[in-house]
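Read the structure below first, then the notes.
The values are calculated or read from the model by the stated rules, or taken from the named source; none is laboratory data. Just so it is clear, the model here is predicted, and its values are computed rather than measured. Positions of Cβ are backbone-derived with ideal geometry, glycine not excepted, and every protein chain shown enters the neighbour counts. Heads up: the accessible areas ignore ligands, DNA and RNA and are worked out on the full protein's heavy atoms, side chains in. Shrake-Rupley method; radii C 1.70, N 1.55, O 1.52, S 1.80 Å.
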Amino acid sequence: MSPALRHYSDAEPVRQTIVDIHVEVRQRDLGLTGPFYSAERFNERLSGHSSVPGWEAVVAFDGTEPAGFAYATPLVPDTRWWTAMTTALPEGYTTETGARTLALNEIVVRRPWRGTGLAQRIHEELLSGRNEERITLLVNPKAGDGKVQAIYERWGYEKIGEQQPFADSPVFAAMMRDPLKSA
């Protein structure tokens with residue numbers, strides 16, 4: 001039986017679940033250390049993201065066991081999302097309305113459910129009810145020796161440049177996708 005997917009528009013009922021999965025996967029499984037990957041810093045980012053109107057999460061549960069999650073936030077007109085780009089983008093590309101671009105902030109699946117297609121199910125479920133014109137995400141190009149970025153490319157994302165949103169974060173590949181594209 002495949003994990004059930006549940007939608008949340010409020011982070012509080014699933015905050016600790018999301019933080020716990022993030023720490024388990026990023027720190028324990030992937031060995032990502034340092035302040036940027038700490039539970040406290042991630043929780044701060046989650047608070048900021050979930051305070052934006054339109055924030056949404058999908059959490060997968062295999063029975064009562066959480067298996068993974070994704071969450072996204074619409075980019076508002078005064079977003080700082082594009083300010084960390086190290087690559088110049090075309091005129092108007094970064095103009096946001098609150099309905100133009102959805103930022104996929106996180107997608108994380110726990111080890112027992114990796115390789116089952118669950119990440120893509122969560123991803124597509126999250127996007128299924130959205131009306132934004134496009135979806136953007138940041139991926140560490142070194143994650144999985146480039147395999148994570150390759151997965152996003154298979155899902156229809158294209159690299160548009162690079163950005164480093166925090167002084168202690170990696171330099172991420174910035175990617176964009178039309179919402180109607182899927183793998």
Tally, over segment 154-183, of residues that are open to solvent by 50 Å² or more (accessible area, probe 1.4 Å), within 20 Å of PHE69 (Cα to Cα) and not in a helix (DSSP H, G or I): 2
Failed item in (1) in a loop (DSSP other than H, G, I, E, B); (2) touching a Leu at 6+ places or on another chain (Cβ under 9 Å), with ASN105 passing the rest: (1)
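Conditions (1) under 24 Å from THR136 (Cβ atoms); (2) at pLDDT below 95; (3) exposed (fewer than 15 other Cβ atoms within 10 Å of the Cβ), marked per residue:
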position	(1), (2), (3)
ALA4	no, no, yes
ASP10	yes, no, yes
ILE18	yes, no, no
HIS49	yes, no, no
LEU75	yes, no, no
PRO90	yes, yes, yes
Members of segment 111-153 found to be closer than 20 Å to GLU96 by Cβ and assigned to a helix (DSSP H, G or I), listed by number: LEU126, LEU127
Among the residues listed as VAL171, VAL139, the single one being of a type in the set (A, V, I, L, M) and in contact with a Ser or Thr (Cβ under 8 Å, 6 or more places away or on another chain): VAL171
Residue within segment 100-111 that is without any contact (Cβ under 8 Å) to a residue 24 or more places away in the chain and in contact with a Pro (Cβ under 8 Å, 6 or more places away or on another chain) present: no
Qualifying residue in segment 155-163 (condition: out of contact with any Leu (no Cβ under 8 Å at 6 or more places or on another chain), closer than 26 Å to TYR93 by Cα and basic (Lys, Arg)): yes
Selection within segment 95-115 - hydroxyl-bearing (Ser, Thr, Tyr) and surrounded by 15 or more Cβ atoms within 10 Å (Cβ to Cβ): THR101
Sole exception among (1) loosely packed, with under 14 Cβ neighbours inside 10 Å; (2) without any contact (Cβ under 8 Å) to a residue 12 or more places away in the chain; (3) assigned to a loop (DSSP other than H, G, I, E, B) for LEU32, by number: (1)
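Condition check: farther than 28 Å from VAL23 by Cα and either more than 16 Å from the chain's Cα centre (by Cα) or among the charged types (D, E, K, R) (or both). Does GLY98 satisfy that?
On the way: farther than 28 Å from VAL23 by Cα: yes; either more than 16 Å from the chain's Cα centre (by Cα) or among the charged types (D, E, K, R) (or both): yes.
For GLY98, the condition - farther than 28 Å from VAL23 by Cα and either more than 16 Å from the chain's Cα centre (by Cα) or among the charged types (D, E, K, R) (or both) - is met.
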Segment 35-47, residues that are open to solvent by 20 Å² or more (accessible area, probe 1.4 Å) and in contact with a strand residue (DSSP E or B) (Cβ under 9 Å, 6 or more places away or on another chain): ARG45
Filter result for THR33 (β-branched (Val, Ile, Thr) and at pLDDT 95 or above): no
Segment 122-148, residues that are over 23 Å from VAL25 (Cα atoms), of a type in the set (Ser, Thr, Tyr) and in contact (Cβ under 8 Å) with a residue 40 or more places away in the chain: none
